[in-house]
Amino acid sequence: MIIYPAIDLYEGKVVRLKRGDYAQKTVYSDDPVSVALGFKEAGATALHIVDLEGALNGKPANTDIIKQITMETGLFIQVGGGIRTPKTIEDYIKAGVKRLILGTAVVSKPELMREMVSNFSEAVAVSVDIKDGFAAVKGWTELSDQDAIDFCGRAEELGVRTLICTDISKDGMQSGTNIELYKTLRQKLTLTLIASGGVTSINEIKTLSEIGMDGAILGKALYTGHIDLKKALQAQHQGENK
């Protein structure tokens, strides 16, 4: 299992939201590149970056910073937020980003998903943000009418190879992640599955590894000190050996 420290960007700053609410935003750093380099120094091999403005407004807003992080860290970078067109994906790939995450675009335009998967294969992932059992869209501000579990299954049928699933009710709350949700998804899906939202302990990381998750995104718990990244990286493979 791979640990992905998260860097959420808004107006060029590293922030965290509580339950996906843009009105409940905490700024943790004015220097995202330094944060990324700190994660690398701790031993991280991958980063999860979200352009929150892009997710909200439908077009990337922090591309220069993301490209700088990619260049200066040399890590495996996956990016989400405002990615709606093939050109945006191409620009990020040219800058060295390894995986681009689609969200709202897939919910509203499944034909676009087919095109993206056909053109970019493993470089494309889908993020499913769950709220009250449904897929949330537009930077978590609206709910679609699609059952989240069913949506995940349809994404796999469309050829999606990597799925990032976030329980919004857990995100930024430091109350623990939704292990049962991930157990259900792991039983139903064969694609690469990454957990996101509310991971707050080393034991949860071990459990996610034990149930066969391929990755886990760590956010607020890293910034508040609830999880030490070095210990998390040590734990990421322990569950695989049980």
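The values are calculated or read from the model by the stated rules, or taken from the named source; none is laboratory data. In this text the structure is predicted, and so the values were computed from the model without any measurement. Ideal geometry is used to build each Cβ from the backbone, glycine not excepted, and the neighbour counts take in all protein chains shown.
Could you list all residues from the stretch 159-176 that are in a loop (DSSP other than H, G, I, E, B) and modelled with pLDDT under 85?
Matches in the stretch 159-176: ILE168, SER169, LYS170, ASP171, GLY172, MET173, GLN174, SER175, GLY176.
Can you name the residue in the stretch 129-141 that is out of contact with any Phe, Trp or Tyr (no Cβ under 6 Å at 6 or more places or on another chain) and assigned to a strand (DSSP E or B) and is also modelled with the lowest pLDDT among such residues?
VAL137
Hey, can you tell me all the residues within the stretch 89-116 that are modelled with pLDDT of 85 or more, part of a helix (DSSP H, G or I) and under 30 Å from GLU72 (Cβ atoms)?
ILE89, GLU90, ASP91, TYR92, ILE93, LYS94, MET116
Filter the stretch 21-40 for residues that are among the aromatic types (Phe, Trp, Tyr) and surrounded by fewer than 16 Cβ atoms within 10 Å (Cβ to Cβ) and give the result.
Looking only at the stretch 21-40, we keep the residues that are among the aromatic types (Phe, Trp, Tyr), and these are 22, 28, 39.
Scanning the stretch 21-40 gives no hits.
Quick check on this structure: which one of LEU47, LEU17, LEU52, LEU56 is in contact with a Phe, Trp or Tyr (Cβ under 9 Å, 6 or more places away or on another chain), touching a residue at least 60 places away in the same chain (Cβ under 8 Å) and either within 29 Å of GLU210 (Cα to Cα) or among the β-branched types (Val, Ile, Thr) (or both)?
Testing whether each residue is in contact with a Phe, Trp or Tyr (Cβ under 9 Å, 6 or more places away or on another chain), touching a residue at least 60 places away in the same chain (Cβ under 8 Å) and either within 29 Å of GLU210 (Cα to Cα) or among the β-branched types (Val, Ile, Thr) (or both) leaves just LEU17.
Specify which of the listed residues (PRO86, PRO32) is over 25 Å from ASP228 (Cα atoms) and not charged (D, E, K, R). Walk me through how you get there before you give the answer.
Numbers: PRO32 fails: over 25 Å from ASP228 (Cα atoms).
None of the other options fit; the residue is PRO86.
Provide a single number: the residues in the stretch 71-93 that are in contact with a helix residue (DSSP H, G or I) (Cβ under 9 Å, 6 or more places away or on another chain) and over 24 Å from MET113 (Cβ atoms).
4
Are any residues in the stretch 25-44 within 23 Å of GLN236 (Cβ to Cβ) and acidic (Asp, Glu), and if so, which ones?
Result: GLU41, single match.
Out of the residues in the stretch 41-93 meeting the condition of being charged (D, E, K, R) and either over 18 Å from the mean Cα position of the chain (by Cα) or surrounded by 23 or more Cβ atoms within 10 Å (Cβ to Cβ) (or both), tell me which one is nearest to TYR10 (Cα to Cα).
Of everything passing the filter in the stretch 41-93, ASP51 is nearest to TYR10 (Cα to Cα).
Could you tell me which residue of the stretch 30-52 is nearest to ALA195 (Cα to Cα), considering only residues that are acidic (Asp, Glu) and outside any helix (DSSP H, G or I)?
Of everything passing the filter in the stretch 30-52, ASP51 is nearest to ALA195 (Cα to Cα).
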